[in-house]
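Values quoted throughout were computed directly from the atomic coordinates according to the rules given, and no laboratory measurement underlies them. Every value quoted in this text rests on a predicted model; they were computed, and no experiment measured them. Glycine also receives a Cβ, built like all others from the backbone with ideal geometry; neighbour counts cover every protein chain displayed.
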Amino acid sequence: MLVLQDLENALEEFNTKYPRPNLEPLILSEKYNILEDFRRSYPGSQYPGVYAIFDSKGELLRIGKASCNSCLGARLSTYFEWHKTEYIGVNKHAGYEDAIIIRTIKLPTDRGFEAPALEEFLIGKLSPRFNTVGAQK
């Protein structure tokens with residue numbers, strides 16, 4: 001089972017192997033819980049970057065990106081929406097019933113082109129359960 005520490009280790013490896021001259025290392029956002037925090041914006045919602053979705057047990061389910069013409073908030077809204085009667089977020093897709101924790105890695109607005117490379121590195125390193133398109137097992 002992949003957990004937060006695995007993602008943190010992979011991001012540290014990325015920062016070490018691929019330093020970004022004159023730019024700060026990439027960092028993981030604070031935890032965002034769609035059941036508790038849905039009244040506020042996703043971390044880095046207006047920026048391009050990479051997101052990670054975890055279930056309630058802490059398993060990393062998916063890594064994805066919002067790059068040049070998108071932002072993390074818009075991309076994550078394809079997975080989650082407001083509950084019809086409660087002020088909480090709910091998933092939109094089968095298989096994500098227990099997906100409640102989101103972490104993001106925001107990029108500067110003018111550096112959205114870096115998101116696909118970071119996403120590819122993290123998926124290649126970790127192979128989350130829901131990142132299966134094109135994967136060889």
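What to note about this one:
- Loop-located GluC sites (Glu not before Pro) across the range 1-98 with a Cβ neighbour count of 16 or fewer within 10 Å are 30, 36, 86, 97, with loop assigned by DSSP.
- Note on the chain: GNM, Cα springs under 10 Å; of 35, 11, 122, the largest mean-square fluctuation is that of 35.
- Calculated mean residue ellipticity at 222 nm for the chain: -6500 deg cm²/dmol, from DSSP H runs with n ≥ 4 weighted as -39500 (n - 2.57), summed, divided by the residue count and rounded to 500.
- Applying 1/(1 + (r/R0)^6) with r as the Cβ-Cβ distance of residue 83 and residue 57 and R0 = 22 angstrom yields a FRET efficiency of 0.55.
- Value of relative contact order over the chain, rounded to a whole percent, pairs C-alpha under 8 Å and six or more apart: 33 percent
- Phi-derived couplings, Karplus 6.51 cos²θ - 1.76 cosθ + 1.60 at θ = phi - 60°, listed residue by residue for the range 61-66: 9, 8, 10, x, 9, 10 Hz, with x used for Gly and Pro.
- Under Karplus coefficients 6.51, -1.76 and 1.60, residue-wise ³J(HN,Hα) of the range 27-33 in Hz, glycine/proline x: 10, 8, 5, 5, 5, 10, 9
- For residue 31 and residue 68, the difference between the fully extended length at 0.36 nm per residue and the C-alpha to C-alpha distance is 10.9 nm.
- Assigned charges on the beta-carbon of Lys, Arg, Asp, Glu; the range 4-126 dipole about Cα centre (debye): 300 debye
- Cβ-to-Cβ counts within 10 Å put 65, 57, 84 in ascending order as 84, 57, 65, the fewest first.
- Model label sites at residue 39 and residue 1, defined 7 Å from Cα along the beta-carbon direction, differ in position by 3.1 nm.
- Degrees between helix 115-126 axis and first principal axis of the chain (Cα, 0 to 90, nearest 10): 80 degrees
- Between residue 15 and residue 110, the C-beta separation translates, for a Förster distance of 22 Å, into a calculated FRET efficiency of about 0.70.
- Cα-Cα P(r), the chain, percent of pairs per 5 Å interval: 2, 10, 21, 24, 22, 13, 6, 2, 0, 0
- Fewest neighbouring Cβ atoms within 10 Å first, the residues 110, 55, 98 line up as 110, 98, 55.
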